[in-house]
Amino acid sequence: MKINFLTTIIAIAISSLIAYGFYSFSGSENKIILSIGSFLFLSIALINMIGINFSQPRTTTNIRVVSGVFFGVSFFLNLLFSGFNFSIPTYVIINGIIFLLFMLIIYGINRAKQ
């Protein structure tokens with residue numbers, strides 16, 4: 001696993017701007033939780049998508065595709081949460097399950113080493 005620092009910094013900057021957008025446009029009282037949760041999930045997905053190279057080219061491609069899919073899912077989900085009032089447990093449970101599923105798939109792909 002090799003980390004490219006420039007693209008990692010760009011991924012973090014993009015994620016922070018998206019999280020700030022969710023914070024700005026959210027009418028909910030839980031917009032701080034929304035912005036922190038979206039920043040964490042989006043930044044981890046983007047770092048895996050553009051900031052990390054793995055030893056095997058197939059592994060890198062598969063992890064980038066999975067990260068892109070989960071980035072899109074997380075973006076859409078947080079966009080929905082920014083438009084509606086939500087409770088904190090609902091947000092944490094839904095995003096937690098999706099994040100753990102994402103990490104499980106990434107771990108499985110990396111462990112297969114193809």
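The values are calculated or read from the model by the stated rules, or taken from the named source; none is laboratory data. Note that the coordinates shown come from a computational prediction; the quantities given were computed from them, not determined experimentally. Every residue, glycine among them, receives a Cβ derived from its backbone with ideal geometry; neighbour counts consider all protein chains shown.
Quickly run through region 57-73 and pick out the residues that are loosely packed, with under 15 Cβ neighbours inside 10 Å and not charged (D, E, K, R).
If we filter region 57-73 for residues that are loosely packed, with under 15 Cβ neighbours inside 10 Å, which is where we start, we get 57-58, 61, 65, 69, 72.
Listed by number, the residues that qualify are Pro57, Thr61, Val65, Val69, Gly72.
If only residues of region 74-95 that are among the small types (Gly, Ala, Ser), assigned to a helix (DSSP H, G or I) and more than 11 Å from the chain's Cα centre (by Cα) are counted, the one that is modelled with the highest pLDDT is Ser82.
Cβ-Cβ distances below 7 Å connect the following pairs, each with a first residue in region 85-114 that is surrounded by 12 or more Cβ atoms within 10 Å (Cβ to Cβ), a second residue that is modelled with pLDDT under 90 and of a type in the set (Val, Ile, Thr), and a separation of six or more residues or different chains: Ile109/Thr59; Asn110/Thr59. Kindly indicate whether any position in region 24-33 is within 23 Å of Arg111 (Cβ to Cβ) and in contact (Cβ under 8 Å) with a residue 12 or more places away in the chain. No, that holds for no residue. Annotation: Ser38 fulfils all but one of (1) surrounded by 13 or more Cβ atoms within 10 Å (Cβ to Cβ); (2) farther than 14 Å from Ile14 by Cβ; (3) hydroxyl-bearing (Ser, Thr, Tyr); the unmet one is (2). Is there a residue in region 53-73 that is in a loop (DSSP other than H, G, I, E, B) and charged (D, E, K, R)? Looking through region 53-73, none of the residues is in a loop (DSSP other than H, G, I, E, B) and charged (D, E, K, R).
Does Ile32 qualify as being more than 30 Å from Lys2 (Cβ to Cβ), of a type in the set (A, V, I, L, M), assigned to a helix (DSSP H, G or I) and at pLDDT 90 or above?
Numbers: more than 30 Å from Lys2 (Cβ to Cβ): yes; of a type in the set (A, V, I, L, M): yes; assigned to a helix (DSSP H, G or I): yes; at pLDDT 90 or above: yes.
Judged against the criteria, Ile32 is a match.
Taking the numbered list (1) assigned to a helix (DSSP H, G or I); (2) farther than 17 Å from Met1 by Cα in turn, Ile106 passes all entries but (2). Taking the residues in region 1-19 that are more than 30 Å from Ala112 (Cβ to Cβ) and in contact with a helix residue (DSSP H, G or I) (Cβ under 7 Å, 6 or more places away or on another chain) as candidates, determine which candidate is surrounded by the fewest Cβ atoms within 10 Å (Cβ to Cβ). Here the answer is Ser16.
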